[in-house]
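Contents: one structure, followed by commentary.
Each value in this text was obtained by applying a stated rule to the coordinates, not by laboratory testing. Every value quoted in this text rests on a predicted model; they were computed, and no experiment measured them. Here the Cβ positions follow ideal geometry from the backbone for every residue, glycine too, while neighbour counts run over all protein chains shown.
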Amino acid sequence: MKIGLVGRSGTAALLGFAFLSLLPQIRAQFTPVPTGSASSIPEAQLLKPEALVQLLQTTNKDKPLILQVGSHMLFAQAHIPGSEYAGPGSQPAGIEKLESRVNALSRKKLIVLYCGCCPWNRCPNLGPAYAKLRDMGFTNVKALYLADNFGADWADKGYPVEQGY
């Protein structure tokens, strides 16, 4: 009878240890990503650079509105042709400028946001800009996924750029 109890205690201890070792992974699954992070944007709403280039090359008259929500200096240095500077998404003034620019648009309009100031997981601008548009009722908002930055993931790949503002 003692062997059975010791066996059960050993099994319980093993199960307890296994649970404790998995606790950080379980906690990470349920920890929300802050809305200020680009990583908070759902993967289904991300647009790869090559997909945007292809979209811009179509003859469809209903082109997306492309808004750069990063630094003005970055926009002046190089930006996607036809895109507009909407102010930094991490700043209240940038969010106000973004809201003002899109307020009169149909909530179904395709809007593509991009920044490219730094690596995706550290971008402070895309998350707040995306959240603002969603809060305003826009249903067709995409974020251009630039893993490293605008230079490496767009300009250096030979995709079209404009300079100045």
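Of all lysines in the structure, the ones whose alpha carbon falls short of 18 Å from that of LYS97, not counting any fewer than 8 places away in one chain, are LYS109, LYS132. Extension gain for GLN45-GLN163 works out to 39.8 nm (0.36 nm per residue, less the C-alpha to C-alpha distance). Partners of LYS108 within straight-line reach, counting aspartates and glutamates whose Cα lies under 13 Å from its Cα and excluding those fewer than 8 residues away in the same chain: ASP62. All other residues whose Cβ lies under 15 angstrom from that of SER90 are scored, Lys and Arg at +1 and Asp and Glu at -1, for a net of +1. Charged neighbours of TYR130, selected by a Cβ distance under 14 Å, balance to 0 (K, R count +1; D, E count -1).
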